[in-house]
Amino acid sequence: MILQRLATAIRKQDWFTVVIETLIVVFGVYLGIQLGNWNAASNAAREETVILEQLHSQFEDFVAITEVRLEQQRDSLRATDQLLEVIATGKEPDDRNLMINILQRAGRLKDAPTAPTTLLELISSGRLSELSSATLRGQLTQFQQQLAEHRNIAAIALHRISDPTTGRHKAVISKPYTLAEVVDYNWELIPEMRAEQQVLQIGKYHLTEQMAGLIELAKAILSEIEAVQP
């Protein structure tokens, strides 16, 4: 209808009407574009709110789980330190149950859980860049990199602990089907564990440091999410 009136006005050389009708068309197009942009921005904001809520919940879980595992890993590291001290003395402890306890704790390994699923989805879909906070984007990228390094070291340490050819599996007797439960040991073979335990000591130390760093970074991420949430 507007275009028809515009065409009629041009034929009649009614320039005032031409200007008015042209302005109406331009303004209508402008409003349509602005409305489309507003709808897109509104939808993006709603989607980001949902993503931030999911990230916040999942990072809270990550911190809670990792804090428990960190204490368990620190205990395992202390046990490894104790085991190396015993080996260094060259003398079997008088308390056999104490030695069994040390061996059992030293044989444990804990690492951080996998990354929050929402973070993995953002990375795999390439949507991490859509988050409005540059600080949060940087923190999430750093977190994923640090977690990948951590899990790589954890995999190496697990391989060493579970390798049946190591001195531990020759010297330590575990309850069948429950390898973490030590029931006895051969003291004559315990000294042969020294080298591998020194390697594990280093690995466990790095694991504990990395887990503590991941917890600190995860808490910083939670603070940033809370700061940018509407």
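For the list (1) at pLDDT below 95; (2) part of a helix (DSSP H, G or I); (3) touching a Ser or Thr at 6+ places or on another chain (Cβ under 7 Å), I need the number of the one condition that Leu109 fails.
Single failed check for Leu109: (2).
Looking at (1) modelled with pLDDT under 95; (2) surrounded by 14 or more Cβ atoms within 10 Å (Cβ to Cβ), can you tell me which one Pro116 breaks?
With (1) modelled with pLDDT under 95; (2) surrounded by 14 or more Cβ atoms within 10 Å (Cβ to Cβ) applied to Pro116, the lone miss is (1).
Can Ile161 be described as over 30 Å from Gln54 (Cβ atoms), aliphatic (A, V, I, L, M) and at pLDDT 90 or above?
No; evaluated as a whole, the condition is false for this residue.
Only one of (1) more than 22 Å from Thr141 (Cα to Cα); (2) modelled with pLDDT of 95 or more; (3) of a type outside the set (Val, Ile, Thr); (4) surrounded by 12 or more Cβ atoms within 10 Å (Cβ to Cβ) fails for Gln54. Which number is that?
Here Gln54 meets the rest and fails (1).
Please specify each residue of segment 182-207 satisfying the condition of being crowded, with 18+ Cβ neighbours inside 10 Å and either out of contact with any strand residue (DSSP E or B) (no Cβ under 8 Å at 6 or more places or on another chain) or assigned to a helix (DSSP H, G or I) (or both).
Ile190, Met193, Gln197, Leu200, Gly203, Lys204, Leu207
Tell me yes or no: at least one residue of segment 35-44 is at pLDDT 60 or above, out of contact with any Gly (no Cβ under 9 Å at 6 or more places or on another chain) and within 30 Å of Ser223 (Cα to Cα). Break it down into steps so the answer makes sense when it comes.
Going residue by residue through segment 35-44, those that are at pLDDT 60 or above are 44.
Next cut, out of contact with any Gly (no Cβ under 9 Å at 6 or more places or on another chain) only: 44.
Filter again for within 30 Å of Ser223 (Cα to Cα), leaving 44.
Scanning segment 35-44, I find at least one residue that is at pLDDT 60 or above, out of contact with any Gly (no Cβ under 9 Å at 6 or more places or on another chain) and within 30 Å of Ser223 (Cα to Cα), so the answer is yes.
The values are calculated or read from the model by the stated rules, or taken from the named source; none is laboratory data. Just so we're clear, the structure is a prediction, and the values are computed from it rather than from any experiment. Positions of Cβ are generated from backbone atoms using ideal geometry, with glycine treated the same way; all protein chains shown enter the neighbour counts.
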